[in-house]
Amino acid sequence: MRNSRALVAAGAAVAALGLAAPAAVALDGMPANPSNIVALPSVIARGDQLTITVDGCPRGGTATSNAFSPTRLTPIHGATGTAKGTATINSNANPGSYDITVTCDSRTLTRPAAFTVIGGVRGGIGGGSSSGATPTDIAIGSGLVAAAVIGGGVFWMRRRSEKRI
């Protein structure tokens, strides 16, 4: 009876190893078939870093785009067939949507409009204009200030006359 239990346990162990071995060989020798390109963040400013993750790229590869230099993708340990890389968006990239093309073991995949580059902010007083105030802007501002001063004076004069009664 004890021999049969030991024999069953040994058989189960051999079966488990037998089922696991082909899976381990398949993962190590898995051909590259890139899929599911993810770019985060999806909206990014010039000069910022973009994280690219690709499934089906077990030995790594390269990601390219018109918005950044070719970037190396390295395998993620513990994630079967997934590779990851970080790209820096060019400081002279034009605002708009950009594609990412990934190459893994001479197989390529392109994700159209994978991320969007936003334009820079024009700073300074007022934030939106670098040419200064126009004569129209000055006239409107002066008119508003004058209306406020006149309105305040009328209100003050009326309050003053009410106190005398």
Taking first residues from the stretch 69-86 that are farther than 12 Å from T51 by Cβ and second residues anywhere that are of a type in the set (S, T, N, Q) and open to solvent by less than 70 Å² (accessible area, probe 1.4 Å), the pairs with Cβ under 6 Å that are 6 or more apart or on different chains are P70/T62; P70/T64
Scanning the stretch 62-83 residue by residue, those touching a Pro at 6+ places or on another chain (Cβ under 8 Å) and at negative phi turn out to be T62, A63, T64, P75, T80, T82, A83
Among residues of the stretch 66-115 being among the aliphatic types (A, V, I, L, M) and not in a strand (DSSP E or B), the residue surrounded by the fewest Cβ atoms within 10 Å (Cβ to Cβ) is A79
Residue count, the stretch 45-59, condition without any contact (Cβ under 8 Å) to a residue 60 or more places away in the chain, open to solvent by 30 Å² or more (accessible area, probe 1.4 Å) and assigned to a strand (DSSP E or B), comes to 4
Within the stretch 140-154, residues open to solvent by 60 Å² or more (accessible area, probe 1.4 Å) and either modelled with pLDDT under 90 or not in a helix (DSSP H, G or I) (or both) come out as V154
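The values are calculated or read from the model by the stated rules, or taken from the named source; none is laboratory data. A quick note: this is a predicted structure, and the numbers were derived from the prediction, not measured. Counting neighbours? That spans all protein chains shown, and the Cβs are built from the backbone with ideal geometry, glycine included. Heavy atoms of the whole protein, side chains included, go into the accessibility calculation; ligands, DNA and RNA do not. Shrake-Rupley method; radii C 1.70, N 1.55, O 1.52, S 1.80 Å.
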